[in-house]
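Asker: Below is a structure I'd like to ask you about.
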Amino acid sequence: MVDLNSAAPTGACGFDSHPGHVADKYERAARRYDRFIGPLVAGAHETALEMFPPEGGMRVLDVGCGTGVQLRAYRDAGCEVSCVDLSPGMLDVARRRLGPEADVREGSGTDIPFPTDAFDLVTISFVLHEVASDDRESIVGEVKRVMKPDGGLVVIDFLPGPYAGPRGFLERALIVGIEVAAGRSHWCNHRDFLRRGGVRALAGRHSLRIRGETRRGGGTLGVTLLGV
């Protein structure tokens with residue numbers, strides 16, 4: 001849930017999606033993110049690990065890493081872990097969690113500061129739905145660049161449906177409430193992401209094939225494994 005917007009794109013509602021902000025809007029959230037949000041997404045992170053299990057020596061990058069939770073299991077398994085995020089507050093937590101061996105960098109997902117074909121696995125969790133459409137495309141293009149040809153991309157993000165039964169619609173109502181509370185730009189980008197077909201449509205536009213997908217929360221949330 002980390003904003004990876006680059007320089008002044010136009011948002012889905014027809015206005016600048018981040019008009020000249022300088023302050024780290026996630027600085028305060030970083031201190032309580034793991035306590036309140038962590039338990040809600042723990043199951044999705046476990047599913048992602050099952051989809052692309054860690055192996056010693058594997059190189060893993062998390063784009064929009066937040067507090068670094070997704071990388072901890074890979075680090076513990078002997079992987080070389082790297083991450084990038086725009087929020088200094090989130091990165092401070094990630095550095096403490098992952099230790100000095102991790103390559104933790106402040107930067108944008110639209111211009112990932114790592115070389116081509118560098119990573120066996122790239123992960124993106126709850127990022128693509130909250131950025132403007134042009135940035136969304138740029139992020140996936142950059143991820144494809146830094147991922148090895150035989151590597152994998154695991155995306156955790158919301159699904160456009162269909163939603164399964166009462167649980168699905170209740171989960172969707174909760175998500176809508178959270179996304180609306182995050183602000184007009186965030187909510188408009190969320191709607192645009194789903195309207196354009198979500199992760200599956202993004203994968204198709206970038207010639208990435210779907211190697212696996214697990215639906216959670218009554219069909220509101222997907223954990224998707226992509227490859228070239």
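The values are calculated or read from the model by the stated rules, or taken from the named source; none is laboratory data. Because the structure is predicted, anything quoted here is derived from the model rather than measured. Neighbour counts run over all protein chains shown; Cβ positions are idealised from the backbone, glycine included. In case anyone asks, the SASA skips ligands and DNA or RNA and just uses the protein heavy atoms, side chains included. Shrake-Rupley method; radii C 1.70, N 1.55, O 1.52, S 1.80 Å.
Asker: Which residue pairs have Cβ atoms closer than 9 Å, lie 6 or more positions apart in sequence or on different chains, and pair a first residue in segment 176-191 that is over 17 Å from L128 (Cβ atoms) with a second residue that is open to solvent by 30 Å² or more (accessible area, probe 1.4 Å) and not in a helix (DSSP H, G or I)?
Answerer: R184/C13; R184/F15
Asker: Only residues that are in contact with a Phe, Trp or Tyr (Cβ under 9 Å, 6 or more places away or on another chain), in contact (Cβ under 8 Å) with a residue 40 or more places away in the chain and over 22 Å from D85 (Cβ atoms): list them for segment 149-169, please.
Answerer: Y163, F169
Asker: Give the residue, chosen from I178, I139, that is open to solvent by less than 10 Å² (accessible area, probe 1.4 Å) and part of a helix (DSSP H, G or I).
Answerer: One residue alone meets the criteria, I139.
Asker: If you don't mind, another one. Looking at R136, R216 in this structure, which one is within 28 Å of E55 (Cα to Cα) and either of a type in the set (D, E, K, R) or without any contact (Cβ under 8 Å) to a residue 12 or more places away in the chain (or both)?
Answerer: Of the residues listed, the single one that is within 28 Å of E55 (Cα to Cα) and either of a type in the set (D, E, K, R) or without any contact (Cβ under 8 Å) to a residue 12 or more places away in the chain (or both) is R216.
Asker: (1) farther than 17 Å from G68 by Cβ; (2) small (G, A, S); (3) within 12 Å of the chain's Cα centre (by Cα): which one isn't true of S138, the others all being true?
Answerer: (3)
Asker: Still on this structure: Just checking, does segment 197-204 include any residue being closer than 25 Å to D134 by Cβ and open to solvent by 90 Å² or more (accessible area, probe 1.4 Å)?
Answerer: yes
Asker: Those residues that are at pLDDT below 90 and either assigned to a helix (DSSP H, G or I) or hydroxyl-bearing (S, T, Y) (or both), I need them from segment 181-192; list them, please.
Answerer: The answer is A181, and nothing else.
Asker: Output the residues belonging to segment 142-175 that are assigned to a loop (DSSP other than H, G, I, E, B) and of a type in the set (A, V, I, L, M).
Answerer: Within segment 142-175, L159, A164 meet the criteria.
Asker: Of all residues in segment 52-67, count the ones that are modelled with pLDDT of 95 or more and under 12 Å from I156 (Cα atoms).
Answerer: 2
Asker: Still on this structure: Name the residue, out of A173, A201, A164, that is at pLDDT 95 or above and of a type in the set (A, V, I, L, M, F, W, C).
Answerer: Checking each option against the conditions leaves just A201.
For (1) closer than 12 Å to L61 by Cα; (2) polar (S, T, N, Q); (3) modelled with pLDDT under 95, each residue gets a yes or a no:
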| position | (1), (2), (3) |
| --- | --- |
| E80 | yes, no, no |
| D85 | yes, no, yes |
| A94 | no, no, yes |
| P100 | no, no, yes |
| D103 | yes, no, no |
| I112 | yes, no, no |
| P115 | yes, no, no |
| L121 | yes, no, no |
| F126 | no, no, yes |
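Asker: If you go through segment 59-79 one residue at a time, how many are touching an Asp or Glu at 6+ places or on another chain (Cβ under 8 Å), open to solvent by 20 Å² or more (accessible area, probe 1.4 Å) and aliphatic (A, V, I, L, M)?
Answerer: So the count comes out to 2.
Asker: On to the next question. As an exercise: evaluate V93 against (1) under 13 Å from the mean Cα position of the chain (by Cα); (2) among the hydrophobic types (A, V, I, L, M, F, W, C); (3) crowded, with 19+ Cβ neighbours inside 10 Å and give the number of the one condition it does not meet.
Answerer: Condition (1) is where V93 drops out.
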